[in-house]
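The next block holds one structure in the form of structure tokens; read it before the comments.
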């Protein structure tokens, strides 16, 4: 062991060797003050049980400290934990040393003259202080030593064996000047040092897990989980004390072309740069969150005028541009600001109001800051009401799949079905479906809805009675859900749980700015396609899709949006688009489905063009599975 000595009367190497040489002769006299092997084993077991059941680090380290003190009755143990964020030592575990000692060393900054523990943490080397009254490392702590009867000390670092990072420091304090015989203590203390390292490693792992659960991996900013954990408390404190608090909702403008040009991997680098600039300008923020994709939320302890002025300064900072691939990217943002009042005093409403204000800024062309007013407050209350109704509907199974047939236009028979979300709750039925979907996407409820629809489809196709006569079922899934960690596995788990044939299921994805031919979206789609599921690109022609989608993503089906089918035979552009998509699909070996077919005239125009598949009210509205089964039986007869 490499021991650094720090005193004018420090042990010489010869003295240390002499001490080791006398080890055998000293064992007999030491037996009376050392733990028996059985007691040591029992103590180790207690510590490992604490680690296994995730006891607090303080409880575990304190048990180790007490165990060490049983082995060395004239020694007082101190185990400090290194806080990697604050870069300070935290009080960890103590045996006989009182709480006042722990409070005195709490927050110690590692340095070259910070006692044996602080210096040990700084050098990451073991330190012996033979006489703390004479050792220069202790010059600022002599009074503390006298208060607690400390005359000599030995400290050694706790190092994470996996990455070499500092975990903490194990310290042993004695009431007398260090003697060479205490070299034996160092040897025996390795058992306790190892236990403390194991406990600290487990705690560090838990800290990392908690951090990843509440922070965005690419920017280091908090995520929605952290917003849920801390946001409400910040609002409640401001309301109760009357302190200023403004919530800023920031949405980057026209970021889609940037993502399309550089892909997910490189745009994550841009996001990291954006986050750094936000931290620097919004350094007063009590909470800074990457809300979703290119959206951010900041809790500013400022009155509205000051908050707006600060966001103007942030806009100037962003206007400087960001370097990427030898280009200077100019990025602007839309921002909505809201605060609390006597009608709006909870996080939910304040956040929704800020989001509504951001929407207005977007609609006005972006690169703008909008302050929420009473009109926006009314809209926000409506959205919150929808969200609450959705929550109840999910809990009461008031959201169910209804099945609409997809027809073979040549034979006039059904080729498959699409499972469409339908509401059975009378009050929620009055909400326009586009508003309902928008709220579900904003709140994350769309994930639960999508999984619920897919599980219902799995159950239907796996039903031994086969109500849909072996036909396939399409299920809608949002790109936001696809990109959510764990979604792919949930889908595969549902297939396995119900024993559903993946060849009878198809996932429909609407065109989206977050769906591209690279990154997480592509990996998820490839994994699902490899599992046997078919994939359809829904509402083609209305969103963000490019031909690159069809080249790089494993789609099997294109569905032409009903807005074009509605005008077929009446609008030359609609006719041209339908013909083009049909030709494109055939060239790529994809099936093409015309959505929203309602009239015989539309059907004739589509068949004349060469369409083979269609879907719409001309044949049937969406039906519960039992009615769909009956309809199917009757249509076959």
Could you order peptides 121-128, 273-280 by the average number of other Cβ atoms within 10 Å of their residues, highest first? 121-128, 273-280
In degrees between 0 and 90, to the nearest 10, how far off the longest principal axis of the chain does helix 433-443 point, with axes built from Cα atoms? 10 degrees
Quickly work out the residue 388-to-residue 563 label distance, labels modelled 7 Å from Cα along the C-beta direction, and quote it in nm with one decimal. 3.3 nm
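For residue 303 and residue 59, FRET efficiency with R0 = 51 Å and r from the beta-carbon atoms, rounded to 0.05?
Details: r = 44 Å, r/R0 = 0.87.
After rounding to 0.05, the efficiency reads 0.70.
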log10 I(q)/I(0), Debye, Cα-only the stretch 215-372, no solvent, q = 0.14 Å⁻¹? -0.66
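With r defined as the distance between the Cβ atoms of residue 46 and residue 123 and R0 fixed at 22 Å, what FRET efficiency is calculated, to the nearest 0.05? Show your work: numbers first, answer last.
Numbers: r = 32 Å, r/R0 = 1.45.
The value I calculate is 0.10.
Given 10 °C and 1.306 mPa s, how large is the Stokes-Einstein diffusion coefficient of the stretch 395-636 in µm²/s, with Rh as the Kirkwood radius over Cα pairs?
Working: Rh = 18.4 Å.
Roughly 86 µm²/s, to the nearest whole number.
What number, in percent, do you get for the relative contact order of the chain if the mean sequence gap of Cα pairs under 8 Å and at least 6 apart is divided by its residue count? Working shown, then result.
Details: 1104 pairs, mean separation 50.1, N = 637.
It comes to 8 percent, rounded to a whole number.
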Angstrom value of the Kirkwood radius, inverse mean 1/r, which spans all Cα pairs in the stretch 392-490: 14.8 Å
Highest mean first, what order results for 386-397, 596-607 on Cβ atoms within 10 Å? 596-607, 386-397
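What does the convex hull of the Cα atoms of the stretch 43-101 come to per residue, in Å³, rounded to a whole number? Mind showing how you got there, number by number?
Values: hull volume 4.9 nm³, N = 59.
Convex hull of Cα atoms, per residue: 84 Å³.
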Could you work out the pair-distance distribution P(r) of the chain from its alpha-carbon pairs, with 20 angstrom bin width and percents rounded to whole numbers? 16, 34, 28, 16, 5, 0
In nm, spacing of pseudo-spin labels at residue 346 and residue 633 (7 Å Cα→C-beta vector): 4.8 nm
Enter the mean projected area of the convex hull around the alpha-carbon atoms of the stretch 74-190, in nm², rounded to one decimal. 6.9 nm²
Stretched out fully, how many nm does the piece from residue 397 to residue 607 gain, at 0.36 nm a residue minus the Cα gap? 71.7 nm
Ranked packing of 304-316, 65-77, most packed first, by mean Cβ within 10 Å: 65-77, 304-316
Could you work out how far helix 347-363 tilts from the main Cα principal axis of the chain, as a 0 to 90 degree angle to the nearest 10? 50 degrees
Using only Cα atoms and rounding to the nearest 10 degrees, what angle (0 to 90) does helix 37-52 make with the longest principal axis of the chain? 30 degrees
How high is the relative contact order of the stretch 142-289, in percent, with contacts defined as C-alpha pairs under 8 Å that are six or more residues apart? 18 percent
Rounded to the nearest 5, what is the percent of antiparallel bridges among the DSSP beta bridges in the chain? 70 percent
Quick check on the chain: helices-only [θ] at 222 nm, where DSSP H runs of length 4 and up contribute -39,500 (n - 2.57) each and the sum goes over total residues. Nearest 500, please. -15000 deg cm²/dmol
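Every number here is computed from the coordinates shown, using simple stated rules; none is lab data. The structure displayed is predicted, hence computed values, not measured ones. Note: ideal-geometry Cβ built from the backbone for every residue, glycine included; neighbour counts use all protein chains shown.
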